[in-house]
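The values are calculated or read from the model by the stated rules, or taken from the named source; none is laboratory data. Values in this document were obtained by computation on a predicted structure and should not be read as measured data. So basically every Cβ, Gly included, is an ideal-geometry build from the backbone, and we count neighbours across all protein chains shown. Ligands, DNA and RNA are stripped out before the accessible areas are found, and what is left, the full protein with its side chains, is counted by its heavy atoms. Shrake-Rupley method; radii C 1.70, N 1.55, O 1.52, S 1.80 Å.
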Amino acid sequence: MTGSWTETEKSSTLTIPCNGVVHVVEFSPYVWSDKVLAFGTDSNVCVGLCNFQEDHPEGGYEFESLRVFPHNVSRLTAFAWSPETSLATVPQLLRFCVTGNNFKLMLFTSYLADDDAVKVIEGHTEYVNSIAFDPDSGRRMASVSDDCTCRLWDLDGEELVRFSLASPGMSVKWHLKEMQKLMVAERHGSIRIFSLDTERIVASLRATSGTAVLLTADWCPTNPNLLCAGIDSTWHVWDITKSRCILVCHCSISLKKNYFKNLK
């Protein structure tokens, strides 16, 4: 099946002033913290609460800044929320991981009332393009890099597993229901699903041919048997139970790495 998609311009509901260029922006994907928003500039990561104003006659949002985390990286390249982030627990907890042009992972933890902690994790030798937390416990992280590796870490920064890739890693995502499955997408078009139990490949897809570049990939949030990827100016959807592409959609613009989140 094929289709088409055209970009349309819409005015923003909320504008948040920022000191510097914003390189990453991310809502927490978890139900218990889905109003928490982070955006990272070349000097800090700002985390706040985005509240919907139900009593406003025209609706609207209000942004409440919770914490500003300074860093010394001039350009951020990837961001991920931990599922342990929650404002409904005691104590409240913010935890996320970010990386930039120093090739290091920076794991930030804040209980809001105390001093914040940052754990710097070294190992990658080139740009890190994607980070993901284990969505069940949040006690493991995965990262992929231009150094052609996918690595698993614990929260102490110890490397648990390393997978060698054939080309730079662009996306890494845990399966939403089977936590021992990890999807890794490479720039040259290979999408592989690894078993963390056996440390072997259990499924493999080929997304591109020729000079096309895979930019990003993810599981469908409502159907874990579907997997999608952004490739140049197209996006593709596979049914992994059949190892078959079921949809190719051509866009009127060239997709960018982080823009693909809006197409899911």
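Quick one: is Ser86 within 25 Å of Thr216 (Cβ to Cβ) and hydroxyl-bearing (Ser, Thr, Tyr)? Outline the logic, then answer.
Details: within 25 Å of Thr216 (Cβ to Cβ): no; hydroxyl-bearing (Ser, Thr, Tyr): yes.
No, not satisfied.
Run down Ile246, Ile201 and say which single residue is among the β-branched types (Val, Ile, Thr), in a strand (DSSP E or B), over 19 Å from Trp81 (Cα atoms) and open to solvent by 60 Å² or more (accessible area, probe 1.4 Å).
Details: Ile246 fails: open to solvent by 60 Å² or more (accessible area, probe 1.4 Å).
None of the others qualify; the one that does is Ile201.
Criterion first (within 20 Å of Val248 (Cα to Cα) and more than 20 Å from the chain's Cα centre (by Cα)) does Arg200 satisfy it? Show your work before the answer.
Numbers: within 20 Å of Val248 (Cα to Cα): no; more than 20 Å from the chain's Cα centre (by Cα): yes.
Here the answer is no, as Arg200 does not meet what is asked.
Under 6 Å between Cβ atoms, which residue pairs at least 6 apart in sequence (or on different chains) link something in the range 223-248 that is touching a residue at least 40 places away in the same chain (Cβ under 8 Å) with a partner that is of a type in the set (Ser, Thr, Tyr) and part of a strand (DSSP E or B)?
Note: pairs meeting the criteria are Val248/Thr2; Val248/Thr234.
Please specify each residue of the range 126-174 satisfying the condition of being among the small types (Gly, Ala, Ser) and over 16 Å from the mean Cα position of the chain (by Cα).
As a first pass, look at the range 126-174 and keep what is among the small types (Gly, Ala, Ser): 130, 132, 137-138, 142-143, 145, 157, 164, 166-167, 169, 171.
Passing the criteria: Ser137, Gly157, Ser164, Ala166, Ser167.
What number goes with the only condition from (1) over 15 Å from Trp238 (Cα atoms); (2) surrounded by 15 or more Cβ atoms within 10 Å (Cβ to Cβ); (3) among the hydroxyl-bearing types (Ser, Thr, Tyr) that Thr211 does not pass?
Result: Thr211 passes all but (2).
What number of residues in the range 138-166 are surrounded by fewer than 15 Cβ atoms within 10 Å (Cβ to Cβ) and aliphatic (A, V, I, L, M)?
3
Test of understanding: among Val24, Val36, Val47, which residue is surrounded by 13 or more Cβ atoms within 10 Å (Cβ to Cβ), modelled with pLDDT of 90 or more and either within 14 Å of Gly100 (Cβ to Cβ) or touching a His at 6+ places or on another chain (Cβ under 8 Å) (or both)? Outline the logic, then answer.
On the way: Val36 fails: either within 14 Å of Gly100 (Cβ to Cβ) or touching a His at 6+ places or on another chain (Cβ under 8 Å) (or both); Val47 fails: either within 14 Å of Gly100 (Cβ to Cβ) or touching a His at 6+ places or on another chain (Cβ under 8 Å) (or both).
Unique residue meeting the criteria: Val24.
Collect the residues in the range 103-137 that are open to solvent by less than 50 Å² (accessible area, probe 1.4 Å), at pLDDT 95 or above and in a loop (DSSP other than H, G, I, E, B), keeping them in residue-number order.
Of all residues in the range 103-137, those open to solvent by less than 50 Å² (accessible area, probe 1.4 Å) come to 105-110, 112, 121, 123-124, 128-135, 137.
In the following step, the residues that additionally are at pLDDT 95 or above were identified as 105-110, 121, 123-124, 128-134.
Once the filter is applied, which keeps residues that are open to solvent by less than 50 Å² (accessible area, probe 1.4 Å), at pLDDT 95 or above and in a loop (DSSP other than H, G, I, E, B), the range 103-137 yields Gly123, His124, Asp134.
Among what's in the range 169-195 and is open to solvent by 20 Å² or more (accessible area, probe 1.4 Å) and not in a strand (DSSP E or B), pick the residue that is modelled with the lowest pLDDT.
Leu176
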